[in-house]
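Asks: Have a look at this one before I ask anything.
The values are calculated or read from the model by the stated rules, or taken from the named source; none is laboratory data. All figures in this text were calculated on a predicted structure; none of them were measured in a lab. Neighbour counts are summed over all protein chains in view; Cβ atoms, including those assigned to glycine, are modelled from backbone coordinates with ideal geometry. Ligands, DNA and RNA are excluded from the accessible area calculation, which covers all protein heavy atoms including side chains. Shrake-Rupley method; radii C 1.70, N 1.55, O 1.52, S 1.80 Å.
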Amino acid sequence: MLKLEKIEKAAELIRTAKYAVAFTGAGISVESGIPPFRGANGLWNKHDPIFVEIEYFHKKPLESWKKIKHVFYDMFDQAQPNPAHIALAKMEKRGFIESIITQNIDNLHQKAGSKYVYELHGTSRTLSCIECSTEYELNFVDLNFLPPTCYICKGILKPDIVFFNEKIPAFALKRSTEESLKADVFIIIGTNAEVLPAADIPVKAKENGAIIIEINIQESHFTDTITDVFIKGKASEIMEKIATYLYL
Ligand code: APR
């Protein structure tokens, strides 16, 4: 099938779906200037991921924070949603998709206007005190002084992103699982989903009968296993075309 035919087919599947859900990873934000985790330009190729291991954070909060600020906050601050985030937000508004399950922590789906976003790996938008659990919006925290501390108890603040060896937020996991089981069309965009339990969610959707659409610049381990319609290409380019077919 030609690429355009596949895009048209995907749009038709989304248009006629009873309950379409999107599942996104780092690839959807690449065209917003945020690097992915794996591959030649991947973050884990340039930085030792030890700085987001929870044990290291507790042992060396300042060292960890210097990297966190550089890798996540300095970069994410300027990033804006790209046409793929915007297409998904419009699709939600018009009732073509119900929700987004994301592994991203960059807040770009919300910036684009999406309302039902389940963040499996947390968010960089809020921070919590490791002593008293008080939560802070990023705007209230001065990252010029590291490590940032709690106004109430002076405990160290940790971004609400899921570190390695930390548990996935229970609410996000519960809702993501529920959404994947309700979905009759499931759209995977820009992810290798190599980490559990996120990697299992599209599989659950498939086992429950959902049709799987996948958009990626290259094949992932989903492509030959669960994907029904694979569209090779950049998320923004493909999503913009799908949105056009949906008259968005
Ligand atoms: N459009 C579509 N897909 C793209 C694009 C693009 N412009 N650029 C890259 N990709 C694809 C890559 O081919 C790859 O399949 O996006 C995927 C990015 O994969 P990863 O870097 O592994 O990111 P992700 O799958 O989101 O990682 C999952 O791993 O380390 C953890 O917690 C981290 O949430 C992250 C999780």
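Asks: Find all pairs meeting these conditions: Cβ atoms under 8 angstrom apart; at least six residues apart or on different chains; first residue within segment 147-159 and under 9 Å from residue 128 (Cα atoms); second residue among the charged types (D, E, K, R) and open to solvent by 30 Å² or more (accessible area, probe 1.4 Å).
Replies: Short answer, once both residue conditions are applied: 150/131; 156/131.
Asks: Please verify whether residue 84 is closer than 22 Å to residue 194 by Cβ, in contact with a strand residue (DSSP E or B) (Cβ under 6 Å, 6 or more places away or on another chain) and within 16 Å of the ligand (Cβ to nearest atom), treating the condition exactly as stated.
Replies: Numbers: closer than 22 Å to residue 194 by Cβ: yes; in contact with a strand residue (DSSP E or B) (Cβ under 6 Å, 6 or more places away or on another chain): no; within 16 Å of the ligand (Cβ to nearest atom): yes.
No; evaluated as a whole, the condition is false for this residue.
Asks: Might you check whether a residue that is part of a loop (DSSP other than H, G, I, E, B), closer than 30 Å to residue 95 by Cβ, of a type in the set (A, V, I, L, M, F, W, C) and in contact (Cβ under 8 Å) with a residue 60 or more places away in the chain occurs anywhere in segment 187-202?
Replies: yes
Asks: Within segment 53-66, work out how many residues are within 16 Å of the ligand (Cβ to nearest atom), assigned to a helix (DSSP H, G or I) and surrounded by fewer than 18 Cβ atoms within 10 Å (Cβ to Cβ).
Replies: Selection size over segment 53-66: 1.
Asks: Okay, next question. Anything in segment 90-132 that is outside any loop (DSSP other than H, G, I, E, B) and more than 14 Å from the chain's Cα centre (by Cα)? List them, or say none.
Replies: Of everything in segment 90-132, those that are outside any loop (DSSP other than H, G, I, E, B) and more than 14 Å from the chain's Cα centre (by Cα) turn out to be 90, 91, 92, 93, 126, 127, 128, 129.
Asks: Also, I was wondering about something else. Mind checking which residues of segment 10-38 are touching a strand residue (DSSP E or B) at 6+ places or on another chain (Cβ under 9 Å), closer than 18 Å to residue 84 by Cα and not β-branched (Val, Ile, Thr)?
Replies: Within segment 10-38, 10, 13, 20, 22, 23, 25, 27 meet the criteria.
Asks: Just wondering, is there one or more residues in segment 44-52 that are away from the ligand (no atom under 12 Å from the Cβ), in a helix (DSSP H, G or I) and in contact with a Phe, Trp or Tyr (Cβ under 9 Å, 6 or more places away or on another chain)?
Replies: For segment 44-52, residues away from the ligand (no atom under 12 Å from the Cβ), in a helix (DSSP H, G or I) and in contact with a Phe, Trp or Tyr (Cβ under 9 Å, 6 or more places away or on another chain): present.
Asks: Output the residue which, of all residues in segment 78-110 that are among the small types (Gly, Ala, Ser) and farther than 14 Å from residue 28 by Cβ, is most open to solvent (accessible area, probe 1.4 Å). Quick ask: steps written out before the conclusion?
Replies: Of all residues in segment 78-110, those among the small types (Gly, Ala, Ser) come to 79, 84, 87, 89, 95, 99.
In the following step, the residues that additionally are farther than 14 Å from residue 28 by Cβ were identified as 95, 99.
On the way: 95: 49, 99: 1 Å².
Result: 95.
Asks: Which residues, taken from segment 142-168, are under 22 Å from residue 67 (Cβ atoms), more than 20 Å from the chain's Cα centre (by Cα) and open to solvent by 20 Å² or more (accessible area, probe 1.4 Å)?
Replies: Those that are under 22 Å from residue 67 (Cβ atoms), more than 20 Å from the chain's Cα centre (by Cα) and open to solvent by 20 Å² or more (accessible area, probe 1.4 Å): 142, 143, 144, 145, 146, 147, 149, 156.
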